[in-house]
Structures are given as C-alpha cells and as structure tokens.
1. In whole Hz and in residue order, list the ³J(HN,Hα) couplings for region 283-288 that follow from phi through the Karplus curve 6.51 cos²θ - 1.76 cosθ + 1.60, θ = phi - 60°; x for Gly and Pro.
2. So, by mean Cβ neighbours within 10 angstrom, what's the order for 546-557, 77-88 with the highest one leading?
3. Counting Lys +1, Arg +1, Asp -1, Glu -1, what net charge surrounds Glu463 among other residues with beta carbon under 13 Å of its beta carbon?
4. If each residue of separation counts as 0.36 nm, what is the full-extension length gain between Ser39 and Glu151 once their alpha-carbon separation is subtracted?
5. If you plug each phi of region 57-72 into the Karplus form 6.51 cos²θ - 1.76 cosθ + 1.60 with θ = phi - 60°, what whole-Hz ³J(HN,Hα) values come out, in order, with x for Gly and Pro?
6. With a 1.4 Å probe and all protein chains left in place, how much accessible area per residue does region 270-331 have, in Å²?
7. For region 346-493, give the share of DSSP beta bridges that are antiparallel, in percent and rounded to the nearest 5; count only bridges with both residues there.
8. Net charge within 10 Å of Ala262 by Cβ-Cβ distance, Lys/Arg positive one each and Asp/Glu negative one each, not counting Ala262 itself?
Amino acid sequence: MTWMMQTTTCTVRAKCCAVAMAQLPVSTAVITMCASRASERNAREFYDTKQRAVKFYKENGVPERLEEILNSMFYENPPDVYGRLSEHFESLSAPPVIHKVDAREVLDSRGQPTLQADVYCIVKGLEQHLSTVTMASTNLLMENAPIDRKEADEKERQQFVDAALGFIHGPITEAVSGISPANQGEIDENVWKILTRLQKEKEEAERKERERAAELEPPAPEPAKEEKIISPKGKKKLGSAKSTTVVVEEPKEPLLPGCNAACVVSQAVAVAAAKLAKIQTFEHIANLYSAEEQQEFELPLLMVNLLNSGKAYPGKQNLIKELLLIPKPGKTLRESLKQLTAVHHQVSKLLFPKLGVAGSYVNDLGGYCPQYDRPEQLLDLAQEAITALELTPGEDIFIGLNCAASEMFDSDKGKYEMAQGMLKLPDDMVEVYADLINRYPAIVALVDPFKKQDTEQWRKLCERFSEQCFIVGDRAYPRAECFCKQGLGELCSSAISLKLEQMTSVSGIVEASKLVKENDSAVVISSVIGESPDSFLADLAVGVGAKFVKFGALARGERISKYNRLLEIEDMLAAQDRIKMSEGFGFPVIKPPEPEETAENENKEG
C-alpha cells in the first residue's frame, strides 16, 4: 500500500513538472527534465533493491528466525538479552572451515630444527587463529654414533624441515582449506594422499635418473676368480666358524623429505577442532575414538624414566637402557607423581657421595646415568631409593625395564651382548629375563626384550610371564599407520608403544589404538628424545584410553609439561566426577596354544 502511494505521488509530481517546464526557457527546461528522470531512476532502483532484500531475507528465513528467538526469549527472560541473541545466531552461522595453515622452523629440546604449525579458520565470516602446535623430532641414532653419521643426520633433518615448510605453505594448505577441522579423518587422508603422490613422483624421477646413468656408464669388467686357499691340514681352525644365526640388517625406512608435515598439521587441526567445539582436546580425541560420548575417563599409569645405561653410556652393562618407575594402580595421579618425584630426588642423594655433583646430571630424557657394569646395580639402586622413603618395591612402586634389544644385538656374531664381552643367544636371553623377574618381583614391564625378528623368543617370554609382566613392543613394531595397514604380524606382545612422529597422524594413532585393544593388548603412548614443550601427548593418551604413558623422567621442562597437563586433566575430571580409577594392572595374559588331540587319544576316549 505504501509503495502504491509513493508511485502515485511520483506521477503527480511528474505532471506538474511538465506544465512548469513549458513556461521556462529552453535551457532551464532541459535541466529540470534531467533531474526528473534521475529521480524516477532512483525510485526504480530503490524499489528493485527492496524487492531483492525481501527475496534475500525470505530465502534465508531471517524473519522466521527473528520471530522465533524474539518470542522464545520473551518467555525465557534472560539476564543478558543481547548475549542470548548472539548465542542464538552463532548457532545458525555457517560452520567454521580452515582458511590456511601456517608453519615455521623452531627448535626442539635438543636444539634441533623442528616444525611449529598454526591453523586459521573462517569463523562467522572472519579469520581467526585457533591453534599452535610444536611437534617433537625423531632421533634414531644412538648417542654414541660416529660423528659422520650425526652430521649426515643433521643435514637430513634440516632437509625434512625445509621440505615440510614448502608442503604446508603450498599443496597441504590448498588440500585442507574449506574443510571443517572437525573432519579429522578427511584432513589426514588428504594430506596422506598428497605425500603419497609426491613420494611416487620422487621415486619415478630417481628411477629415470638411474636409467640415464646406466645408459651412459660403460659395462663393468668381470671380476677375476679368486683361488681358494686351503690350510696345510685341510681343516679350519677350531673356533673359526661363526654363529649360524641369520642376522637381518634393519634397512632405514625410505621416507619422503617433508613427510613430517603430516604429523604437525594433524595435531594443530585436532587442537583447533576442540577449541571450536568448546571442549578439551582429550574429549575431542575421545569423540574421534568412539562415536558414543564418553562419560568417564581412566587416566593412564605412568612409566617414568629414572636411570639410563647401555651401549651409549659409561659402564659395561647393556641389558637395561632405561629403568622405569611405575606407580601402584588405584592411586590418584597427584599421589603417584609425589611418590615418584621423591624417588627421583632420593636417587640423586644416593649418587652424590659416590659421584659428587656429576651424580645429579641427567640426559635428554631427564634420567640419571651412573656408570654400572651389571644390570643388578641399577635395580638395587632403584630399590634402595624406594625403601629409603619407607615404601615397598613391588607393592607401592613397581619397575619397568626398557632393554632396547636391537641396540645390544651384535650383528656380526648373531648374539645379544648383554654386557661387554658377555654374549647370549636369543634362547639364552629368555632365561636371563626369567632370572631377573624371579629375583626382582617388582619388575612388571619389559620393553623390547628382543629384536623384532626373534618372534619365537617373544612368544616364549609372553607365555611364561604375561600373567605378571607386560611385554611391550616399542621399536619392534613399525609406525602406527603402517601396522594399521599391515596388521600386527607374527610378533607376540602384551602391550604396544605408539609414538606421534614423522608422518604419523592423530587419526593413525586413534586407529592403531583400536587395533591394539582389539588384539587384547595394552596401549602405551610414548614420547621421543627430541621432545617439545607441547603437552598434546597427554591429551592424546587420555583420549585414546592408553594404559601407560612414557614421557621420560620427572625433570626437564618438555617432560614436566606433559605431566602437569595430566594433573590439570585429573583436577578437571574430578570436579565433574568423571574419573574412573584403575583397579589393577590387568595384565593381558597370553597362553600357549592348547595341544591338539591325536587320533590315538580320540580312539581311547571312544
């Protein structure tokens, strides 16, 4: 009705202007006519704009939404009217999507280059910075590796970081832009596809380069035949024959330089998704693990590094690389940390009279490194520290041993060098571990007691001691995403250690945790040597329901940050009455297969 009145008024005005123009000079009439036409055009544009506005608001349901919230809010009578309006329209806004991923080179706890990533999202039409994550860097070389190998490792590490920065700023940002951070699996899969494609392109380029080089290279001359030298007696000297054990060298995994971009981007996306959902990171990971909302959480038990030894350290003993302290199940995390911290400090007091200030020095994991020649010396020191605090080993505090068997294996002799000059065959090592477990009942975990090829010995150890001790596979298993595709194989263990490193994604750890539990094994979330101060691993462990966490010693800031985050999570869950206390270790028991009944026994029974 209003628009019709306005149109009629404009028509009357136009007629009056026409009469007036006939009485004016020609120049004035022309000017007035132009003004009248401009007015008509403005009116038409205004009308068209109003029509478009009506259509726009109607298509988006704005009047209905306004009517709905205004009516409901009248009865709600909220204390903050505009806050309630903001909350309502925020719930109706478009879901946030990733806009870009930024990255930079930073340093890890060893001063080595590593990656830090930021995730930016479009939230309610505006770009927002939502997360920053610093990833840990993997170190596969032993501390006593030759200088030339360390230098080569440094160059390769820098190459990986540089390539990862290029991937993140280029194809990875393009692949994840426009996707909601909540779609963790889709994002990790997109990044994986990019890296797989780049890996294939690299391999194809290397193959063509080898073919071109082979065409240009002249054929090699045939090697001259070597004459056999026979001793005068025609016999080999006594003891000259080597062990018949077949030693399989561990080939280095061919990884694409820059593949570590997948790990840091995956973590940053998970943190951003949790922030957008206004929940804690561990809750978001729990939602990735299971579609059902988790009401209660059981905090993981601690495997705290205390003492370090082995081939890379002073002393002759190689059997124990890490001596770990494990608290009694059923205690709160805060109580457990207080006891373990007291033991850590007590060891320093015990070492001081013998070693002086050097006794308090710690390594990259935060553990003490005394010079010992026998594994019993480390075990006795740990138990002495525990009893000095009026605690009982095997009742109040337990012990785990990381043997890192692949490092003490002598590939030339095909035997394990458990101490300098003391070599043992794989079957003999089963008895060595049996003797330690029987003499030190506080031992409840053995990590990597054999190299991965000795599957028969893994099985024997599990069948004998899985009722009282966790047999943990760490470096014996491939990366999480690899054994998700290949399966766990023939290796027998009662727990598996998972690490967030190299190109392992959050989705990979989640799927690997499911696979481990489906195979009736326990999950251990472990850190690496080149750690960062980021506490993401603590949330990851709680989210996937890990049985243990292995973050290093109760020393050094990058280790303590993760333990402090676990304390924060415990307080948060306790305030909400959502903590489920552990009732015991719950050892996954692995029994030998039942003997098959022979046909003769069947006939007798018949």
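1. Listing the rounded values in order: 5, 4, 5, 4, 5, 5 Hz.
2. 546-557, 77-88
3. In short, +1.
4. 32.4 nm
5. 5, 5, 4, 8, x, 5, x, 5, 5, 4, 4, 5, 6, 5, 5, 5
6. The answer is 36 Å² per residue.
7. About 45 percent, rounded to the nearest 5.
8. Net local charge, Ala262 excluded: -2.
The values are calculated or read from the model by the stated rules, or taken from the named source; none is laboratory data. Here the structure is a predicted model, which means the values were calculated and not measured. Heads up, the Cβs are rebuilt from the backbone with ideal geometry, glycines too, and the neighbour counts pull from every protein chain shown. For accessibility, only protein heavy atoms count, side chains too; no ligands or nucleic acids. Shrake-Rupley method; radii C 1.70, N 1.55, O 1.52, S 1.80 Å.
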